[in-house]
Amino acid sequence: LGPAATATLVRALEDADPRVRTSAAMSLGRRPLTVPQRRALVGRINKERWGMVAGQLAEALGAHCDGDGVAALRETTRHGSRGYAVDRRALESMARCKPRGMGKFLLATASDRRWRTGMRTRALSLISPTLGRAMTSELVALFEKLRRGAMRSEADEQVAVAAAGTLGSVGGAAAADALAGALALEPLPTVRLAAALALGRACHESTRATLVQASRDAPSRLMQAAKNSLARCGWSTDKTKKPPTP
């Protein structure tokens with residue numbers, strides 16, 4: 001299908017039927033567009049009230065990733081009134097575009113209690129190991145802050161669990177030590193369990209003894225998680241043994 005068909009799809013973005021607008025946005029995300037055509041997507045998402053259409057427009061903008069589109073996606077995540085599904089798809093599309101400062105934006109989203117809990121946890125899951133390693137100290141600081149707030153806030157507890165998973169994927173000494181501290185000292189079982197599981201991805205030697213201790217005297221579910229992490233890292237439950245040579 002050529003330029004004429006694309007022009008027809010752009011016009012369909014203004015159709016009165018939201019199902020037509022949704023289909024048009026889906027198709028436009030799969031074909032090359034001119035600058036004015038991409039701007040038509042931006043203009044439509046800025047005024048679209050139907051969640052299913054706005055979500056598909058976000059997907060289309062994430063397929064093209066120009067500056068105006070990324071700015072529109074950022075604004076869409078702040079809109080809020082069209083629901084979590086739209087905000088989430090806009091955030092995911094932004095992450096696919098990898099604009100400058102995306103890591104800081106995701107971290108700020110995870111930190112801000114004004115966001116929905118689902119958006120905060122999704123933001124953390126979108127921090128890749130590469131992004132995370134560039135801001136390990138900020139992630140550790142956020143994890144510690146969330147742990148402090150988790151006893152009073154169910155939302156912070158859920159986000160702390162997500163932050164543990166991100167730290168496990170990032171790895172490195174600072175991330176692993178923060179997780180080991182949570183495994184040893186955290187009063188909330190959910191956060192301790194998340195730390196134990198995340199340590200099985202970080203596999204930093206400095207945390208082996210903490211995992212071994214948890215595998216022996218923690219509550220049953222946590223004990224099993226610690227054992228699984230030790231096995232995943234190729235470590236024995238004996239503190240005196242070194243991990244096998246690869």
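For A90, are the conditions met, namely being in contact with a Ser or Thr (Cβ under 7 Å, 6 or more places away or on another chain) and farther than 26 Å from A4 by Cα? So A90 fits the description; yes.
Scanning for something more than 28 Å from A71 (Cβ to Cβ) and at pLDDT 95 or above, does the stretch 126-137 turn up at least one residue? Within the stretch 126-137, one or more residues are more than 28 Å from A71 (Cβ to Cβ) and at pLDDT 95 or above. Annotation: A123 fulfils all but one of (1) surrounded by 22 or more Cβ atoms within 10 Å (Cβ to Cβ); (2) under 24 Å from R44 (Cα atoms); the unmet one is (2).
Among the candidates V140, V170, the residue that is at pLDDT 95 or above and either open to solvent by less than 20 Å² (accessible area, probe 1.4 Å) or among the charged types (D, E, K, R) (or both) is uniquely V170. The number of residues in the stretch 83-131 that are β-branched (V, I, T) and without any contact (Cβ under 8 Å) to a residue 24 or more places away in the chain comes to 1.
Of the residues S111, S27, S81, only one is over 18 Å from the mean Cα position of the chain (by Cα), at pLDDT 95 or above and of a type in the set (S, T, Y); which? Step through it out loud before you land on a result.
Working: S111 fails: over 18 Å from the mean Cα position of the chain (by Cα); S81 fails: at pLDDT 95 or above.
Unique residue meeting the criteria: S27.
Among (1) in contact with a Cys (Cβ under 9 Å, 6 or more places away or on another chain); (2) open to solvent by 20 Å² or more (accessible area, probe 1.4 Å), where does D177 come up short? Result: D177 fails condition (1) only. Within the stretch 19-41, being among the charged types (D, E, K, R) and open to solvent by 70 Å² or more (accessible area, probe 1.4 Å) holds for R19, R30, R39.
Evaluating R208 against the criteria (1) over 21 Å from A110 (Cα atoms); (2) under 23 Å from the mean Cα position of the chain (by Cα); (3) surrounded by 16 or more Cβ atoms within 10 Å (Cβ to Cβ); (4) not hydroxyl-bearing (S, T, Y) leaves one unmet condition, (2).
The values are calculated or read from the model by the stated rules, or taken from the named source; none is laboratory data. Here the structure is a predicted model, which means the values were calculated and not measured. Neighbour counts run over all protein chains shown; Cβ positions are idealised from the backbone, glycine included. Protein only, heavy atoms only, side chains kept; ligands, DNA and RNA dropped before computing areas. Shrake-Rupley method; radii C 1.70, N 1.55, O 1.52, S 1.80 Å.
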